[in-house]
Amino acid sequence: MAKRIGLLGGTFDPVHIGHLRSALEVADALALDELRVMPNARPPHRDTPQVSPQQRLEMVRLAVDGITPLVVDDRELKRDKPSYTVDTLELMRAELAADDQLFLLLGWDAFCGLPSWHRWEELLQHCHILVLQRPDADSEPPDALRNLLAARSVSDPLALTGPNGNIAFVWQTPLAVSATQIRQLLASGKSVRFLVPDAVLAYIDAHGLYRASN
């Protein structure tokens, strides 16, 4: 039986319930055997995270502990250069069986930014792309993506066949939670309880992360 593997990358600065809920919804909807949560080391498109890579990794480990089928993949943190998704997908694909399905999860904003990614045209050689679409996302994709969507889009994510090559949209429950909001609350001394898992909150408190004095 071919395996179905999902990949959710991000800075996770910090990981929060929005990340985890999205991951679980997709894993359930597509009956994934495994969904790998992968913290980025040096994201090419983002500012340098406030806390160390090891601390972000530890928070993700705490967040997914015991939650099937979520697992942590730390390979990008071990790479001493910018985290390019296409490189990661190449490595993952080499580890999988030829017919295993690999799904890259992207939010709508990240998907619209694909034309600025390193070797972005090669992504679909290694995976399917699942675009996590919220009902309130009404912006149009950039022109560079329209031909790709016309050629590669599949209306039903459950109808994705083969190991790679297509794009599907997965509707998501909108959770108005962001890492920026959480960092701002913590910097101002306010509580973020119920916005992050309890184990992550305990870690943030124990290490004094994101406080104004940092």
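Data overview
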| item | result |
| --- | --- |
| Virtual spin-label span in nm between ALA97 and GLU121, 7 Å along Cα→Cβ | 3.3 |
| Residues ASP156 and VAL71, FRET efficiency given R0 of 41 Å [Cβ-Cβ distance, rounded to 0.05] | 0.95 |
| Debye, to nearest 20: dipole size of the chain, +1 on Lys, Arg Cβ, -1 on Asp, Glu Cβ | 520 |
| Positive-end extreme of charge dipole, the chain - chosen from ALA159, GLY113, LEU186 (charges on Cβ) | LEU186 |
| Ordering of 119-125, 102-108 by packing [mean C-beta count within 10 Å, highest first] | 102-108, 119-125 |
| Rounded if a/c under 1.5, otherwise prolate or oblate - the stretch 4-174, Cα gyration tensor axes | rounded |
| Residues SER188, SER83, sorted so that the one with the fewest Cβ neighbours within 10 Å comes first | SER188, SER83 |
| Contact order normalised by residue count of the stretch 55-147, Cα under 8 Å, 6+ apart, percent | 26 |
| Formal net charge of residues neighbouring LEU123 (Cβ-Cβ distance under 13 Å; K, R +1; D, E -1) | -1 |
| Within a Gaussian network of the chain (alpha carbon springs, distance under 10 Å), most fluctuating of ALA27, ALA202, ALA94 | ALA94 |
| Counted charge near LEU186, where neighbours are those whose Cβ lies closer than 10 Å (Asp, Glu -1; Lys, Arg +1) | +2 |
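Values quoted throughout were computed directly from the atomic coordinates according to the rules given, and no laboratory measurement underlies them. The model shown is predicted, which means the values in this text are computed figures rather than measured ones. Note that each Cβ is placed from the backbone with ideal geometry, even for glycine, and that neighbours are counted across all protein chains shown.
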